[in-house]
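The structure appears below as structure tokens.
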Amino acid sequence: MSGGDMAKPLLGHRSMEGDPSIMPTTGRTIGVLGSGDFARSLAIRLVCSGFKVVVGSRNPKRKAGLFPSAAEVTFQAEAVKKTDVIFVAVFREHYSTLCDLADVLAGKILVDVSNNTEINHHKESNAEYLASLFPACTVVKGFNVVSAWTLQSGARDGNKQVLICSNNQEAKHTVAEIAQVMGFTPVDMGCMSSACEIENIPLRLLPAWKIPIFLALGLFLCFFTYNLVRQVIHPYIREQKNKFYKIPVEVVNTTLPCVAYVMLSLVYLPGVLAACSQLYYGTKYRRFPDWLDQWLQHRKQIGLLSFFCAALHAVYSLCLPMRRSHRYQLIETAVKQAVEKKMNIWVEEEVWRMEIYISVGIIALGLLSLLAITSLPSIANSLNWREFSFIQSTLGFIALVISTLHTLTYGWSRAFDENQYKFYLPPTYTLTLLVPCTVILAKVIFSLPCIQQRLLRIRRGWEKGRYVKFVLPSATGEYSSGETSSNV
């Protein structure tokens, strides 16, 4: 599976939480083969959940001190004989060492908790390989997506889902029962063919974040290079002034709001494109292109990265007066004014511009903070759909509009000053206005009654060119059928 596929929610899989057929029972004896970190954490959690635990080790005397006193540590053969459910907590390459126990393991339920070091490292999953070595056993894949830390600290401090798959339904329910008693939420992932997918999940590094992160980095590099040319290279070439000191703070601080502003507009641009597609084709049932579908799925990550860049911009802006270069510039300006005997340097327009600019920026950052907080699962789950939609859609669009006002007040009339065009390049903020203004204009157009009503009808199931059958009475009293187009 691709990284984008793994980013999708597991809508097709059934949560077994609250299943009446799963009856939690404690006091059952559970076996654990292995003495590594995961085996120890698993034994601790099982003991705390009320199970009797028998640990099978090749060196029980040396390993006994690593496990809780309530767990019995013995040889592997002895541990296997005392239980019907055994967690195999050893690496794939050590499965063959258990072959001597094949006769004793016959008829047992083996829970494979292993993972690989690389995605799709083997042609078959670890669970399928274990099943091939022990055909007389029932193998269940599970608990591999749960970390050793989560097992020790409890499900409250980690992901509660335990993904389970097996070809034996009864064995799956047995393992799901154990998981539920331990405080986890078992999720039925189907038959053993899903084991490869389950084993790949812990190996994926931020699958839903790769595209947004690369997008943010690309935008940052583009804007950073553009600002570097305007703020550093231009004065160095044209005026022989060394302003390379601006790179660490000032150039970065000019780049961050550009990235945040464009990223925020990219959250709402795919919705505009989707609406245009639905209006053009006159249906909501036509599949979007893959690139647009992926874009729609990554809007949350793009929005959070936008907030991250905006927060960094706020911190950088607060630190600007702390720089030594800024202090030198203030002293230099004060000396020049004293030499020129300028007593009143107050510029009313600039004062109002900066006051409005800072105030609007604070409001925009506050709205972005609200959007980021409500995107957290713990907060989102406490909101109903209308509340969540209002915050993420309506307030999000308001945040985009206020961010646009923040940018416009920063530019003010300077956008028409020819001195602002370095190497004939326009100021950076004028470039950032292109995408957001397009989104805002499209939203205004979609709010027109004629277009809004048509789009609403399409999203409620109306289709252009669809024929609807109807029945009319004839002159003789009999009924005749006909059809008409739904867009007439």
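In table form, for the structure just shown:
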{"item": "Residue that is surrounded by the most Cβ atoms within 10 Å (Cβ to Cβ), among those in region 86-96 that are touching a residue at least 12 places away in the same chain (Cβ under 8 Å) and farther than 17 Å from residue 27 by Cα", "result": "88"}
{"item": "Lone unmet requirement of (1) β-branched (Val, Ile, Thr); (2) open to solvent by less than 10 Å² (accessible area, probe 1.4 Å); (3) touching a strand residue (DSSP E or B) at 6+ places or on another chain (Cβ under 6 Å); (4) farther than 20 Å from residue 197 by Cβ for residue 73", "result": "(2)"}
{"item": "Helices (runs of 4 or more DSSP H) completely within region 148-213 that count 3 or more residues being touching a strand residue (DSSP E or B) at 6+ places or on another chain (Cβ under 9 Å)", "result": "169-181, 195-200"}
{"item": "Residue count for region 237-254, restricted to those that are over 18 Å from residue 317 (Cα atoms) and among the charged types (D, E, K, R)", "result": "4"}
{"item": "Residues that are open to solvent by less than 60 Å² (accessible area, probe 1.4 Å) and either of a type in the set (Phe, Trp, Tyr) or over 13 Å from residue 213 (Cβ atoms) (or both), drawn from region 291-302", "result": "292, 293, 294, 295, 296"}
{"item": "Some residue of region 397-417 being under 29 Å from residue 435 (Cβ atoms), over 36 Å from the mean Cα position of the chain (by Cα), without any contact (Cβ under 8 Å) to a residue 12 or more places away in the chain and not in a helix (DSSP H, G or I)", "result": "yes"}
{"item": "Single unsatisfied condition, residue 315 versus (1) under 30 Å from residue 454 (Cα atoms); (2) open to solvent by 20 Å² or more (accessible area, probe 1.4 Å); (3) without any contact (Cβ under 8 Å) to a residue 40 or more places away in the chain", "result": "(1)"}
{"item": "Pairs where the first residue, in region 426-441, is assigned to a helix (DSSP H, G or I) and the second is exposed (fewer than 15 other Cβ atoms within 10 Å of the Cβ), C-beta under 6 Å, 6+ apart", "result": "none"}
{"item": "Residues located in region 76-85, provided they are open to solvent by less than 20 Å² (accessible area, probe 1.4 Å) and either part of a helix (DSSP H, G or I) or touching a helix residue (DSSP H, G or I) at 6+ places or on another chain (Cβ under 6 Å) (or both)", "result": "79, 80"}
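The values are calculated or read from the model by the stated rules, or taken from the named source; none is laboratory data. The shown structure was predicted, so the numbers you read here are calculated from the model rather than taken from an experiment. A quick note on method: Cβ atoms are made from the backbone with ideal geometry, for glycine too, and the neighbour counts reach across all protein chains shown. Side chains are part of the model used for accessible areas, which takes the heavy atoms of the whole protein and leaves out ligands, DNA and RNA. Shrake-Rupley method; radii C 1.70, N 1.55, O 1.52, S 1.80 Å.
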